[in-house]
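Student: Sharing a structure below in structure tokens format, with a few things to ask.
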Amino acid sequence: MIRLLLCFFLCGFCLFSPALAQQDRSAVMLPEQPDGRLAHILRRGTLIVGVKTDYPPWGTLDAQGDIIGLEPDLARALADRMGVGLELVAVTASNRLSRVNQGVVDVVIATMGDTVTRRAQAGLLEPSYYSSGVVAYGPINRDYQTWEELRDLPVCMTQGSYYNRTLEETYGVDGKYFPANREAKMALSFGRCVGWAFDDTALVQRVLANPETNYSVMEDRILVTPWAIAVASAERDISWGRFVSAMIGEWHATGYILDLERKWNIGESAYLQRLNAAWAQTGPDGKPSFCDASQGTLPAECLGAPPFPQIAEKEPPPAWMDTLRSKTGVDLRVFHDAYSRGRLIRGLGLTLALSAVAIVGALAVGLSLGVMDAALNRRGIWGQLLLLPQKVLVTIARMTPPILQMYIVFFGLGGVLAQSSLITPGAFATAAVILSLYAGSTNTVLMSHALAQERGTHPEKNVWALVPGAFIRAFDGLVAACVNIVKAAGMASAIALTELVSTVNLIVSEGGDVSTFMNGLLIFYFLLMLGVLWLFRRAKRWIIGDAQ
């Protein structure tokens, strides 16, 4: 009798709860025989998802340092359906696709615009789950309302954003690339750019959360594109990619993402409402009737929007590039693109110029301050007092990381100068001075000790006559300091100097082959170091010969 009553109760509950019954029947289930990444995740018992932490409320850090937001909630929904644990990994716009293709994460849910270029890089899934356009955020006293007004003007950008190239090529802005949103916004605040190009959806949230009376959002919204969840390229059309795609469809059918918009106070978007209306249409069996993948290709209304058609190559690359790639794995096709080729040449030139200036500057600082130390040390208490500013400068320059010095000078001092209409140090000048002082402070100590030793050996000589011998004594240390500062030149990308490392990261984020460019970067720096060492050896032989 108890079983019979329980049966009647369950039947009645289902009859009077049609919505629940429909949701249960349409819920996405795991395949009986999972393969590839899905099988690996189930064996491991943990789903690893790449999400953003600089894009509130889609992905951000709470007071305890935990990752929260709309997209982490989607990741949790995936893990719960699979019955596994969840691990969230912070990714950036420039590394998210490489992370998923390398297997560091299983799936990327990270505010990623769906573009034709990115579809060639990774397994971008349909349907899309959100959309956004591009606007600019800037000071109200400049009052730029169209992108045409920003032509040839400096605009802050975040590395890896899908719209960067289009803004430069089509709209003619002077892009200033920063590694993360934090640095881009900081540069805007300190007057380094006239505006910050960013997704309109995120900017609206930032403005609502932290209203700034002196800033406004441009009305001209361009380059509207859907957002896609991505898996590795090889997983797109097998069980893992199909499962995640089916989950996205379920989220649209049940209005789950709309519920998350309300939870995070985003406000319901018309884009999601249209997708919900399409996916919510069901037949008598409770399964989607309009967005039914089993009937073949889904209607456009179910997919959201086509991918953003980034600028295509005018001509295909020459056959030898394709042959080289197929036989060796070396992919040089990006050099066929004039835009990317020009950026590489410019980045190479900036790297060589910055390295040369930093080496010459470091030697000049070390020599001049070392000679000053040797000369004033013999003048008693007055000499020590005169040396005090030099010792303070050397200590600060040696003990403070160069990246922090760049931040202080570029964003702090440079920002104050920019806002006061005085001369503003650019990224190249800032990096050159900081790197010269950082390595030069070490060279100062080396030269000071070497000059003191030379004075003990040749007390009859004046301080300038001791310099050649001191240089020979300190040679190995001077070379090490200068070589290290060349290797540290890549830090300049933090202040929007598009040297070679920054340029390679930009090209890789836009589809360049990771292996080819990273190995090429390794070879370049190896050869550059050999060149620097050769020049120092030549200088040493010249000084020794001159001294004799």
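Student: What percent antiparallel are the DSSP beta bridges of the chain, to the nearest 5?
Tutor: On the way: 19 of 35 bridges.
Counting DSSP beta bridges with both partners in the chain, the antiparallel share is about 55 percent.
Student: What percent does the relative contact order of the chain come to when contacts are Cα pairs within less than 8 Å and at least six residues apart? Write down the numbers at each step before the final one.
Tutor: On the way: 828 pairs, mean separation 85.2, N = 548.
Once divided by the residue count of the chain, the mean separation gives 16 percent.
Student: Next up: Not counting ligands, DNA or RNA, and with a 1.4 Å probe, what is Arg99's accessible surface area in Å² rounded to the nearest 10?
Tutor: Here the accessible area works out near 80 Å².
Student: Check Thr115: other-chain or 5+ apart residues with amide H under 5 Å from its amide H, H built from backbone geometry?
Tutor: Close amide H contacts, sequence-distant or interchain: Phe308.
Student: For Arg343, Arg165, Arg242, write out the residues from largest to smallest accessible area, computed with a 1.4 angstrom probe and no ligands counted.
Tutor: On the way: Arg343 10, Arg165 45, Arg242 140 Å².
Per-residue accessible area, sorted high to low, gives Arg242, Arg165, Arg343.
Student: Right, next: Which of the GluC sites (Glu not before Pro) across region 439-517 are loop residues per DSSP, with 10 or fewer other Cβ within 10 Å? Write down the numbers at each step before the final one.
Tutor: Numbers: sites: Glu454, Glu460, Glu499, Glu510; in loops: Glu460, Glu499, Glu510.
Within region 439-517, the qualifying GluC sites (Glu not before Pro) (loop, at most 10 other Cβ atoms within 10 Å) are Glu460.
Student: Calculate, in nm to one decimal, what Asp174 and Asn210 gain on full extension: separation in residues at 0.36 nm each, minus their alpha carbon distance.
Tutor: Numbers: separation 36, 0.36 × 36 = 12.96 nm, distance 2.70 nm.
Working it through step by step, the gained length comes to 10.3 nm.
Student: A follow-up question, please. Carbon and sulfur: what percent of the chain's accessible surface (1.4 Å probe)? It would help to have the intermediate numbers written out before the result.
Tutor: Values: 16200 of 26460 Å².
Result for the chain: 61 percent of the exposed heavy-atom area is carbon or sulfur.
Student: Using only Cα atoms, tell me the angle between helix 500-509 and the longest principal axis of the chain; keep it within 0 to 90° and round to the nearest 10.
Tutor: On a 0 to 90 degree scale, this one is about 10.
Student: Continuing with this model, one more query. Taking H as built 1.01 Å from N, whose amide H comes closer than 5 Å to the amide H of Val84, not counting residues under 5 places away?
Tutor: The answer is none.
Student: Name the lysines eligible as straight-distance cross-link partners of Lys327: C-alpha to C-alpha under 30 Å, and not fewer than 8 places from it in the same chain.
Tutor: Lys314
Student: Which value, in Å² rounded to 10, gives the accessible area of Arg81 with a 1.4 Å probe and all protein chains present?
Tutor: Around 80 Å² of this residue is reachable by solvent.
Student: What's the ranking of 120-130, 396-406 by average number of surrounding C-beta atoms within 10 Å, highest first?
Tutor: On the way: 120-130: 22.8, 396-406: 15.6.
My ranking of the peptides, most packed first, is 120-130, 396-406.
Student: Let me ask something else. May I ask you to evaluate 6.51 cos²θ - 1.76 cosθ + 1.60, the Karplus curve with θ = phi - 60°, for each residue of region 484-493 and list the ³J(HN,Hα) values in order in whole Hz, giving x for glycine and proline?
Tutor: Calculated HN-Hα couplings, in order: 5, 6, 5, 5, 7, 4, x, 4, 5, 5 Hz.
Student: If you roll a 1.4 Å probe over the heavy atoms of the protein chains, what accessible area per residue do you get for the chain, in Å²?
Tutor: Numbers: 26460 Å² over 548 residues.
Accessible area per residue: 48 Å².
Student: Another one. Can you pull the percent of Cα pairs in region 382-502 with separation above 25 Å? Could you put the intermediate results ahead of the total?
Tutor: Numbers: 2754 of 7260 pairs.
It works out to 38 percent of all Cα pairs.
Student: Still on this structure, I have one more. Gap in Å between the Cα centre of region 321-377 and the Cα centre of region 471-548?
Tutor: Centre-to-centre distance over Cα atoms comes out at 6 Å.
Student: Heads up, I need the accessible area for Ser269: 1.4 angstrom probe, whole protein in place, Å², nearest 10.
Tutor: That residue has around 30 Å² of solvent-accessible surface.
Student: Same structure again: Per the helix-only calculation at 222 nm, which mean residue ellipticity applies to the chain, given -39500 (n - 2.57) for every DSSP H run of n ≥ 4 and division by its residues, nearest 500 deg cm²/dmol? All intermediate terms of the calculation are to be shown ahead of the outcome.
Tutor: Values: 23 runs with 294 residues, N = 548.
Using -39500 (n - 2.57) per qualifying helix, the result is -17000 deg cm²/dmol.
Student: Let me ask you something else. Using only Cα atoms, tell me the angle between helix 514-547 and the longest principal axis of the chain; keep it within 0 to 90° and round to the nearest 10.
Tutor: The angle comes out near 0 degrees.
Student: Compute the acute angle (0 to 90°) between the alpha-carbon long axis of helix 319-328 and the principal axis of greatest extent of the alpha-carbon atoms of the chain; round to the nearest 10°.
Tutor: The helix 319-328 is inclined about 90 degrees to the chain.
Student: Amide H neighbours of Phe178 under 5 Å, counting only residues 5+ apart in sequence or on other chains, H built in-plane at 1.01 Å?
Tutor: Counting only residues 5 or more places away or on other chains, the set is Met157, Thr158, Gln159.
The values are calculated or read from the model by the stated rules, or taken from the named source; none is laboratory data. All values derive from a computational prediction rather than experimental measurement. Every residue, glycine among them, receives a Cβ derived from its backbone with ideal geometry; neighbour counts consider all protein chains shown. Heads up: the accessible areas ignore ligands, DNA and RNA and are worked out on the full protein's heavy atoms, side chains in. Shrake-Rupley method; radii C 1.70, N 1.55, O 1.52, S 1.80 Å.
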